[in-house]
Amino acid sequence: MTNDHHKMTRFAQSGNAEGFAAFVQNNIESNDCLRHRLIQYDCFEFVGEWIKKSTIKFKPEELFSCLKIWSEAQYLGLCGLYHFYRHQKTKAQDFFKKSIQKHNTYQPSHYYLKLIEVNQEKLSLQWQCPKPYQTLDIQQKSAGVCCTSWVPYSVGDPSQENGEELWQGNKIKKIRDSIKHGNYHYCNPSYCPHLKNAIKKETEQRPITRTHYKVTQSPAYLQLSYDRSCNLKCPSCRKNIIQASHDEKKLFKTIQSNCIEPLLKDSNTLVSITYSGDPFASSHYRKLLHRLKSIEYQNIGIAIATNGINLTPEVWQTYSELWRKVKLITISVDAATKKTYQKMRPPGDWDLLIKNLRYLAKWKDTEKLGTKLILNFCVQSDNLSEMIAFYDLAEQLCFDQVYYQRLLNWGMYTTEEYNRLDVAQASNIRHKDLINHLNEIQDRALKSPQLSVRFGAF
């Protein structure tokens with residue numbers, strides 16, 4: 001990104017708003033990862049840096065209307081950002097609120113609105129979230145302490161900084177301080193299920209024991225999501241099948257040697273791979289898994305998030321020495337029938353998936369291992385009717401848990417499309433059906449203690 005910043009500075013000095021808009025547009029269109037990740041937050045910040053460097057006066061609409069790929073919510077958010085950096089807080093506040101009205105999950109607008117409103121006085125909790133003291137999420141150009149939908153704030157760049165700098169740096173300290181003081185300034189209380197639950201409990205005056213966490217030498221939980229390589233093209237995530245380029249693979253090696261291996265050496269860290277691609281569709285992650293068999297990492301645990309298609313019996317045999325370290329396997333399915341699965345997760349093979357899942361459950365039972373098996377279901381209008389059948393499927397397969405999560409917009413949907421699909425919105429025509437399904441599933445779970453249920457951000 002160094003060359004990009006040089007170009008950005010040049011545009012700022014020249015006052016060429018249209019040229020800058022074209023430059024940003026070209027970067028987004030030519031880079032799928034940029035489109036997926038940076039458009040949510042980092043690219044927003046990138047534009048903000050240009051605004052801060054620019055000494056000329058211009059109407060933000062003249063610049064941001066050129067960014068055709070951005071939604072109306074993003075456009076309004078950028079207009080707010082312009083006024084924010086020009087210290088016009090009232091105008092900025094108005095634009096951010098309009099942005100959220102158009103797209104309620106658009107995180108940058110939430111983040112900057114809280115900076116203006118100073119939520120320290122409005123949100124003061126006794127509960128203390130452990131995430132910034134325990135978790136580090138490594139992405140390609142940024143690192144976080146939580147899901148980017150819940151904490152859209154980067155603590156550093158793993159391609160430029162080592163693991164210690166990310167884990168002990170000033171940016172992550174700011175997040176920890178905000179949580180220590182109970183104001184959760186960097187968090188999104190609307191979408192974090194843990195924060196929503198804490199607010200509810202304290203509102204109801206239910207007692208909460210405040211726990212004080214300390215920063216350990218290595219994170220207890222290390223999330224690796226920097227390689228988005230995957231054998232599927234799920235509509236909620238991407239438009240095409242993604243495989244890492246040659247340059248990206250070189251970057252991954254740097255991240256592994258500078259950040260990951262030093263943090264994991266002689267640690268008790270639980271390593272999670274991945275929630276942004278598939279570990280067995282990535283040549284880098286497959287090599288990393290073999291590397292983690294080393295005695296240097298004998299105390300680590302491994303959590304795997306996968307679509308399950310490549311988890312064939314043959315693959316299991318390849319990694320047989322590693323499986324005793326595997327504590328958790330999450331498989332995203334999003335359907336209970338072949339027809340719906342083909343729509344949710346193309347070009348996945350339903351029959352092969354079910355075969356692999358049965359083998360996995362049998363393997364766990366035969367080996368007498370404590371590995372927890374989870375089936376994941378991202379709820380939306382197109383699969384809503386299969387929520388209960390999905391619970392039955394998990395029970396038949398002898399899995400340990402079902403996780404129902406809310407659909408989020410990662411830049412794949414227009415506002416209208418997302419509003420139709422997101423049944424968690426009270427305004428959605430099928431929201432009542434969702435509530436009924438959730439209640440029935442909870443009732444079933446109470447009667448079936450061997451299969452637990454979790455719900456995310458409903």
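Brief remarks on what is shown
- Residues in region 380-405 that are in contact (Cβ under 8 Å) with a residue 60 or more places away in the chain and either in contact with a Ser or Thr (Cβ under 6 Å, 6 or more places away or on another chain) or assigned to a strand (DSSP E or B) (or both): Y403 alone.
- Test: residue in region 430-453 that is touching a His at 6+ places or on another chain (Cβ under 9 Å) and touching a residue at least 24 places away in the same chain (Cβ under 8 Å): no
- Applying a threshold of 6 Å to beta carbon distances and a minimum spacing of six or more residues, or different chains, the list of pairs starting in region 206-233 at a residue that is among the small types (G, A, S) and ending at one that is assigned to a loop (DSSP other than H, G, I, E, B) and modelled with pLDDT of 90 or more reads S218/S267; S218/T269; S229/I242; S229/Q243; S229/A244; S229/G277; S229/S282.
- Per-region count, region 187-205, residues without any contact (Cβ under 8 Å) to a residue 24 or more places away in the chain and under 12 Å from C146 (Cα atoms): 0
- Exclusive hit being in contact with a Pro (Cβ under 7 Å, 6 or more places away or on another chain) and closer than 30 Å to W127 by Cα, set T269, T216: T269
Quick grid of which residues meet (1) over 30 Å from A424 (Cβ atoms); (2) buried (at least 18 other Cβ atoms within 10 Å of the Cβ); (3) at pLDDT 90 or above; (4) over 23 Å from the mean Cα position of the chain (by Cα):
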| residue | (1), (2), (3), (4) |
| --- | --- |
| C192 | no, yes, no, no |
| L195 | no, yes, no, no |
| P207 | no, no, no, yes |
| K214 | yes, no, no, yes |
| L224 | no, yes, yes, no |
| A244 | yes, yes, yes, no |
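- The condition of being over 23 Å from S276 (Cβ atoms) and within 24 Å of the chain's Cα centre (by Cα) holds for only one of S332, S385, S381, that being S381.
- Checked against (1) closer than 28 Å to S267 by Cβ; (2) part of a loop (DSSP other than H, G, I, E, B); (3) free of Cβ contacts under 8 Å to residues at least 12 places away in the same chain, S178 passes all but a single condition, namely (2).
- When G308 is tested against (1) more than 16 Å from C398 (Cα to Cα); (2) in contact with a strand residue (DSSP E or B) (Cβ under 7 Å, 6 or more places away or on another chain); (3) of a type in the set (G, A, S), exactly one condition is not met: (1).
- Taken over region 304-329, residues that are surrounded by 20 or more Cβ atoms within 10 Å (Cβ to Cβ) and under 15 Å from L224 (Cα atoms) amount to 4.
- Output for region 414-429, where each listed residue is part of a loop (DSSP other than H, G, I, E, B), out of contact with any strand residue (DSSP E or B) (no Cβ under 8 Å at 6 or more places or on another chain), of a type outside the set (A, V, I, L, M, F, W, C) and within 17 Å of A457 (Cβ to Cβ): Q425, S427, N428
- The C-beta contact set for region 242-270 (first residue in contact (Cβ under 8 Å) with a residue 40 or more places away in the chain, second residue of a type in the set (A, V, I, L, M) and in a helix (DSSP H, G or I), distance under 8 angstrom, 6+ apart or interchain) comprises C259/L166; I260/L288; T269/L263.
- When region 442-458 is filtered for residues that are over 14 Å from L375 (Cα atoms), surrounded by 13 or more Cβ atoms within 10 Å (Cβ to Cβ) and hydrophobic (A, V, I, L, M, F, W, C), the ones remaining, listed by number, are A445, A457, F458.
- When residues of region 271-300 are limited to those that are in contact (Cβ under 8 Å) with a residue 40 or more places away in the chain and of a type in the set (S, T, N, Q), the one surrounded by the most Cβ atoms within 10 Å (Cβ to Cβ): S282
- Matching residues in region 358-379 - criterion: being touching a strand residue (DSSP E or B) at 6+ places or on another chain (Cβ under 7 Å), not in a loop (DSSP other than H, G, I, E, B) and not basic (K, R): L360, A361, L373, I374, L375, N376, F377, C378, V379
The values are calculated or read from the model by the stated rules, or taken from the named source; none is laboratory data. Just so you know, these numbers come straight off a predicted model, no measurement behind them. FYI the Cβ positions are ideal-geometry reconstructions off the backbone, even for glycines, and counts take in every protein chain you see.
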